[in-house]
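Visitor: The structure that follows is given in the form of structure tokens.
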Amino acid sequence: SLSGTAAAAPVSMDLNEAMRRAEQAASALGPKRAAVGSAQGLRRAADQRLSQPPRIEVEIGPRFRADPSRIGVDATLGLWQDLPLGGVGAARQRWARAASGEADARLRVGVHDVRAEAALSWVDLRLARELEQKRRESLEHALTIAKIAGARADG
């Protein structure tokens, strides 16, 4: 009895179920899954023709002339667009693919580690249960032998 509370029924699961549950509940996989999602966004962002958006420059200032009484205003408007040369876009895409591949690999390794840890825990639990059963059986045999020895000693 657990001091007034009912004991929970034991949960029975096979090795595959233990590994599946561990993979779903492992907090260590959260950042790895987030990195995979971020890497996908990085790949989409790298797949652009232009590396930077266009920019507009406006310059306004006084215009000075030889006649000081005729000062005017000078304005300049410029539109600039950087065009990547030398394979910048392709290099950016290769880098994004590499980062995505690394994130995928880290997630696969993390899943493997979590599943292996769950499998080892499952095996340890199974071993502990079997050892408990063998020790119970051994105790029962020892008690039986003690009763027989006691009966012989009395006889």
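The values are calculated or read from the model by the stated rules, or taken from the named source; none is laboratory data. Since we're looking at a predicted model, the values are computed, not measured. Note: areas computed on protein heavy atoms with side chains; ligands, DNA, RNA excluded. Shrake-Rupley method; radii C 1.70, N 1.55, O 1.52, S 1.80 Å.
Visitor: What's the carbon and sulfur percent of the stretch 64-155's accessible surface, probe 1.4 angstrom, rounded to a whole number?
Guide: Carbon and sulfur: 61 percent of the exposed surface of the stretch 64-155.
Visitor: If you line up the long axis of helix 88-154 against the longest principal axis of the chain, both from Cα atoms, how many degrees apart are they, to the nearest 10?
Guide: Computed tilt is about 10 degrees.
Visitor: By how many degrees, between 0 and 90 and to the nearest 10, does the Cα long axis of helix 29-46 differ from the longest principal axis of the chain?
Guide: So the helix axis and the longest Cα principal axis differ by about 20 degrees.
Visitor: What does the chain give for Rg and for Dmax, in Å, if only its C-alpha atoms count?
Guide: 37.4, 142
Visitor: Here is a further query. So if each residue of separation counts as 0.36 nm, and I subtract the Cα-Cα distance between LYS147 and GLU23, what length gain in nm does that give?
Guide: Full-extension gain reported as 39.6 nm.
Visitor: What accessible area per residue, rounded to a whole number of Å², is obtained for the stretch 96-141 using a probe radius of 1.4 Å?
Guide: Spelled out: the 1.4 Å probe surface of the stretch 96-141, per residue, equals 76 Å².
Visitor: I would also like to ask the following. For the chain, what is the relative contact order in percent, using Cα pairs closer than 8 Å and at least 6 residues apart in sequence?
Guide: After rounding, I find 29 percent.
Visitor: In degrees, nearest 10, range 0 to 90: what is the angle between the Cα axis of helix 15-25 and the longest Cα principal axis of the chain?
Guide: Taking Cα atoms only, the helix is inclined about 40 degrees.
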